[in-house]
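Quick notes on the structure that follows.
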Amino acid sequence: MKKIKFLSVFAVIAGLLLMNSCSEEFLEITPNGSLDQTVLATYNGVDALLIGAYSMIDGVANGYGWEAASSGWVFGSIRGLEANKGTDSGDQPAINPLQTYSETATNGYLNAKWRSCYEGVSRANTTISVAAKALEAGGITQEEYDSFVMQARALRGVYHFWAYKLWADMATGTFVPYVDETTDSKTVTNDVDIRPMIIADLEAGTNLPLNMGQIGRFNKTVCQVFLAKAQMQMYGDYAAALSELNEVVTSGTQPAGGEIGLLATYGDIFDTEFRNDKEAVYTVQYSVNDNSGAWNAGRGEVLNFPYKSGASPGGCCGFFNPTQEFVNSFRVDPATGLPLLDGSYNNSGEELLRDMGIAAGGIWVADDGDPETTVGQYLINDVVTAYDPANPYIDLAYRSLTGTESSPNVNNDPLTSPSDWELIWTEDNSLPLDPRLDWSAGRRGIPYWDWGIHTGSDWIRDQSYSGPYSPKKQVYKKSQEGTYTEVGNWTSGYTANGYRMIRYADVLLLKAECEAQTNADDLGFGEVNLIRERAGNTAGWVYEEDGTTPAANYMVNEYTSPFANTADAMEKIMMERKLELGQEGHRYYDLQRWGIMVTEGNRILDYEKTMPWGNALYGNATVGAEDVNFPIPQRQIDVSNGILQQNR
């Protein structure tokens, strides 16, 4: 199992003894490899079980990993069309139908995600049952019992809430099973409205203290945010959610008691060193090089790194590439620095240039004069990127016309040596755009953390299948390799860069949405502008190697006119969530909550299909009314002997 960092070593060891595998079906609610419950009826025993329940918060256990990752890269971001599968068509083919809205109930990713949710539920229930035995036996105090149960109930509520978002269908009255410590596994059904039970479990967690003393546990604030999300998503109860979120903003803390708020600069949010800084209301704790064989690292995201071996992070596996439509969304009105809310960013002349089909190339350098190296020595057909200092936002790609092993092309600056170099591509970065783009997507010619510039197609596994962009937010710095990455495994993509499950910016935008939906305060105007103000902090922009030249023509301003009404506010809040939280697993659930998954999904699909890679990725895909959720896994229906009903 995955440990929660900073919890007691004894508890972690005990938890490892208990949780060594996962059952295939949630109906088997006895914990795997379990000891007699009377043996565990002590403080340390119950705490170990609770750690086992927490360990499912990343979605990963033996038997499934990236398929069920709670970071939402598959079910939230790819399904929400802010990213595509990436890689090539043959790798992890079960994702293909998920991104084309053609999945069936036999899809293996759906079954893995179901098992993950209900494994978490099972572990939470076992904690509650054993805590009761420990209290009865005098092994724990009433106060300790209350804390254990409140945490376990909150976890149970979260795991059920995740399942609800994926499979509940209000139109058909089909839900998901609610399983507590008293449930008869032979009779539990999925035709009962489980929303009140989810709310009750999450409300139990709001009685926890603000300071739990350990960063990986839930506290009052974390549970309040989850409760607000459930109230919004399941009931559209924005007034109740606003009450919780107001308290979070005014008096909330991190689980270990630290302050919460916006970090000063956007890029720092995703730097591994800042994974538990104040922006992180709740971060899923990962650790590396701890003798766990990378089981405590970010296993759910291990595929999501550029593909180029040696000169880019991870070296594998090229999954999770941002879509062109997502990238275009960062275009701004050059007169105001505000988003193009009408979708005109996809119009010809407004969309961002892509290097599809252009050979990869790093920055041209002169010969370093070292006979032991080939730095600055180019052969015929080698491609480089050059910059004209007079036009800092224009990247020029040149192909060498000369150069052999014995007589390489050296010291001939492409800008001034037309007989030695052919200009093959011009990347115009002069269109004004929101600076958050270049922290959200890797694109050619733009510095990528401290790895140098993104050199283009050689960072992409199959550009003709998945387009020219790379993931970035969860990726580590070159200077952090070996410290925040697992050493000696098949990839350095096992990292300590924990998933920011709840960010303070997310809290502000949820609060803004509640204000807009209830005609409260300024309809979210102030919250949106706080986030845009941070985006405009020039200290947080991506810069060229000189540290002073912005990598692109960045421009972002705050709104000056108050939001006119709910519709006006929501249009701006929806876009702000896309720009601020893109690639973080929220988008599909946002579109689901707003009731626009079908219309927005088809709008984006229509555009993406026009891309050179669009047909390979999406074919004739469309989003239908049934695609606001997923089919219940057939495997689970089969093993329930027909008790569970399909939701479509």
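No other residue among 116, 122 is touching a strand residue (DSSP E or B) at 6+ places or on another chain (Cβ under 7 Å) and either assigned to a helix (DSSP H, G or I) or open to solvent by less than 40 Å² (accessible area, probe 1.4 Å) (or both) apart from 116. Within the option set 439, 490, being of a type outside the set (A, V, I, L, M), assigned to a loop (DSSP other than H, G, I, E, B) and open to solvent by 10 Å² or more (accessible area, probe 1.4 Å) holds for one residue only, 490. The lone criterion from (1) closer than 17 Å to residue 98 by Cα; (2) open to solvent by less than 20 Å² (accessible area, probe 1.4 Å); (3) in a helix (DSSP H, G or I) left unmet by residue 621 is number (3). Within the set 206, 182, 174, 127, the sole residue that is over 26 Å from residue 260 (Cα atoms) and either under 27 Å from the mean Cα position of the chain (by Cα) or open to solvent by 20 Å² or more (accessible area, probe 1.4 Å) (or both) turns out to be 182.
Being within 30 Å of residue 602 (Cβ to Cβ) and surrounded by 24 or more Cβ atoms within 10 Å (Cβ to Cβ) is a description that applies to residue 74.
In region 387-407, of all residues being at pLDDT 90 or above and surrounded by 19 or more Cβ atoms within 10 Å (Cβ to Cβ), the one that is farthest from residue 444 (Cα to Cα) corresponds to 400.
Scanning region 42-71 for residues that are over 19 Å from the mean Cα position of the chain (by Cα) and in a loop (DSSP other than H, G, I, E, B), we see that the one that is surrounded by the most Cβ atoms within 10 Å (Cβ to Cβ) is 42. The number of residues in region 449-464 that are crowded, with 24+ Cβ neighbours inside 10 Å and either touching a strand residue (DSSP E or B) at 6+ places or on another chain (Cβ under 6 Å) or aliphatic (A, V, I, L, M) (or both) comes to 4. Does any residue of region 513-533 turn out to be within 30 Å of residue 390 (Cβ to Cβ) and either open to solvent by less than 30 Å² (accessible area, probe 1.4 Å) or in a loop (DSSP other than H, G, I, E, B) (or both)? Within region 513-533 (the criterion being within 30 Å of residue 390 (Cβ to Cβ) and either open to solvent by less than 30 Å² (accessible area, probe 1.4 Å) or in a loop (DSSP other than H, G, I, E, B) (or both)), the answer is no, since none of the residues qualifies. Which of the residues belonging to region 607-618 are among the polar types (S, T, N, Q) and in a helix (DSSP H, G or I)? Of everything in region 607-618, just one residue is among the polar types (S, T, N, Q) and in a helix (DSSP H, G or I), namely 615. Note on region 232-260: among residues that are open to solvent by 20 Å² or more (accessible area, probe 1.4 Å) and in contact with a Phe, Trp or Tyr (Cβ under 9 Å, 6 or more places away or on another chain), the one that is nearest to residue 169 (Cα to Cα) is 233.
Taking the criterion of being part of a helix (DSSP H, G or I) and open to solvent by 20 Å² or more (accessible area, probe 1.4 Å), the residues of region 153-171 that qualify are 153, 162, 165. Taking region 339-352 as the range and being more than 15 Å from residue 326 (Cβ to Cβ) and either at pLDDT below 90 or in a loop (DSSP other than H, G, I, E, B) (or both) as the test, the residues that pass are 341, 342, 347, 348, 349. Of all residue pairs spaced 6 or more apart or on separate chains, those with beta-carbon atoms under 6 Å, a first member in region 570-583 that is touching a residue at least 24 places away in the same chain (Cβ under 8 Å) and at positive phi and a second member that is open to solvent by less than 10 Å² (accessible area, probe 1.4 Å) and in a helix (DSSP H, G or I) are 583/77; 583/440.
Among the residues of region 261-316, the one identified as open to solvent by 20 Å² or more (accessible area, probe 1.4 Å), touching a Lys or Arg at 6+ places or on another chain (Cβ under 6 Å) and of a type outside the set (A, V, I, L, M, F, W, C) is 307. For region 294-325, residues that are of a type outside the set (Phe, Trp, Tyr), assigned to a loop (DSSP other than H, G, I, E, B) and closer than 28 Å to residue 158 by Cα total 7. Within region 414-436, the set of residues being more than 23 Å from residue 353 (Cβ to Cβ) and surrounded by 13 or more Cβ atoms within 10 Å (Cβ to Cβ) comprises 417, 420.
When region 465-487 is filtered for residues that are open to solvent by 30 Å² or more (accessible area, probe 1.4 Å) and of a type in the set (Val, Ile, Thr), the ones remaining, listed by number, are 483, 487.
The lone criterion from (1) assigned to a helix (DSSP H, G or I); (2) within 27 Å of the chain's Cα centre (by Cα) left unmet by residue 148 is number (2). Taking (1) touching a residue at least 24 places away in the same chain (Cβ under 8 Å); (2) open to solvent by 20 Å² or more (accessible area, probe 1.4 Å); (3) more than 19 Å from residue 577 (Cα to Cα); (4) not in a helix (DSSP H, G or I) in turn, residue 552 satisfies each apart from (2).
The values are calculated or read from the model by the stated rules, or taken from the named source; none is laboratory data. For clarity, every value in this text was computed on a predicted model and none was experimentally measured. Note that each Cβ is placed from the backbone with ideal geometry, even for glycine, and that neighbours are counted across all protein chains shown. In case anyone asks, the SASA skips ligands and DNA or RNA and just uses the protein heavy atoms, side chains included. Shrake-Rupley method; radii C 1.70, N 1.55, O 1.52, S 1.80 Å.
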